[in-house]
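What follows is a single structure, written as structure tokens, with notes after it.
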Amino acid sequence: MIKSQGWDWKIVKDDFKCVWKNPSMESFYLLNRWKSLDKNDFLDLGCGLGRHSILLGRNGFNVSCFDISEEAINRTKEWAESEDLVFDYKQGDMLNLPYEDNSFDCILCMNVISHTDTEGMKKVIGELYRVLRKDGECYLTLGSKDTWGYKENWPMVDENTKLMMVEGPEYKVPHFYVDYELAKELFFDFEIVDIHQVVNYYPHEDKVNESYHYHLLIKKR
Ligand SMILES: C[S@@+](CC[C@H](N)C(=O)[O-])C[C@H]1O[C@@H](n2cnc3c(N)ncnc32)[C@H](O)[C@@H]1O
């Protein structure tokens, strides 16, 4: 299995206009959905700079923040404390989550669990299953094989995984990619409540990159 490598957040400024400081559109839907389902114990797996932890914390969820990057944990904590929000913080690797079985009602993994290889992905999915309660839900994204990066001539780690070779916070971080069939197969043990593909367009150098992700909402049976 490839060695895990988090993002280098030290090179990302704390700018409130930055995408990583503003909650994703999906998180507003999840906030309302999970409130209405009486979900309370929330894990922000791969919390980054904390944009989703803060949103759910402001709305009364009991928030646990987890990331492999110490910088990510520190910056999430600093932001939360500036708003008098009290969260649990743990630094570690998603391949071995430091939580008891059945700890969480809801988990968000927004652009996180693809940062491994095929073997690692199976391990992470096992960990998600273990720490979720029965009927607990997890929303996650997976890089799609339709995306520009999968078509780049980057080093292959295995048939589904490449090393990102763009300078920046995720330089040489592994990226695992799926197609629809593989996405469904991986989450066989869960109920798949929803699966859809999203495309974002990013201007890069002299072209526009099409970035495709599968988004899944899964439930532990
Ligand atoms: C693209 S960022 C997303 C951050 C956050 N989920 C958000 O949406 O703002 C990916 C995050 O996953 C973390 N990460 C990558 N590999 C990890 C691993 N093996 N275990 C835990 N966190 C990891 C990175 O350090 C980074 O903070």
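The values are calculated or read from the model by the stated rules, or taken from the named source; none is laboratory data. Computed from a prediction, not measured in an experiment: that's the story for all the values here. Neighbour counts run over all protein chains shown; Cβ positions are idealised from the backbone, glycine included.
Restricting to region 154-166, name every residue that is touching a residue at least 40 places away in the same chain (Cβ under 8 Å) and assigned to a loop (DSSP other than H, G, I, E, B).
Answer for region 154-166, where residues must be touching a residue at least 40 places away in the same chain (Cβ under 8 Å) and assigned to a loop (DSSP other than H, G, I, E, B): GLU159, ASN160.
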Out of everything in region 46-84 that is in a strand (DSSP E or B) and more than 8 Å from the ligand (Cβ to nearest atom), what residue ends up being farthest from SER36 (Cα to Cα)? CYS65
Out of everything in region 58-87 that is within 20 Å of LYS13 (Cα to Cα) and of a type in the set (A, V, I, L, M), what residue ends up being surrounded by the fewest Cβ atoms within 10 Å (Cβ to Cβ)? ILE68
Tally up the residues in region 167-196 that are touching a residue at least 60 places away in the same chain (Cβ under 8 Å), under 22 Å from TRP148 (Cβ atoms) and in a loop (DSSP other than H, G, I, E, B), please. 6
With the requirement that a residue be out of contact with any helix residue (DSSP H, G or I) (no Cβ under 8 Å at 6 or more places or on another chain), more than 9 Å from the ligand (Cβ to nearest atom) and not in a loop (DSSP other than H, G, I, E, B), what does region 106-123 give you? THR118, GLU119, LYS123
Looking at GLU205, GLU210, which one is of a type in the set (Asp, Glu), within 24 Å of MET164 (Cβ to Cβ) and in contact (Cβ under 8 Å) with a residue 40 or more places away in the chain? GLU210
Scanning region 85-105 for residues that are within 8 Å of the ligand (Cβ to nearest atom) and in contact with a strand residue (DSSP E or B) (Cβ under 8 Å, 6 or more places away or on another chain), which turns out nearest to TYR129 (Cα to Cα)? MET94
If you check LEU55, LEU43, which single one turns out to be surrounded by fewer than 24 Cβ atoms within 10 Å (Cβ to Cβ), in contact (Cβ under 8 Å) with a residue 24 or more places away in the chain and not β-branched (Val, Ile, Thr)? LEU55
Could you say whether any residue in region 23-45 is modelled with pLDDT of 95 or more, within 12 Å of the ligand (Cβ to nearest atom), touching a His at 6+ places or on another chain (Cβ under 6 Å) and of a type in the set (Asp, Glu)? yes
Just to be sure I understand the filter: pairs with C-beta atoms under 6 Å, separated by 6 or more residues or on different chains, first member in region 16-34 and farther than 18 Å from TRP79 by Cβ, second member modelled with pLDDT of 95 or more and more than 10 Å from the ligand (Cβ to nearest atom). Which pairs pass? LEU30/TYR139; TRP34/CYS106
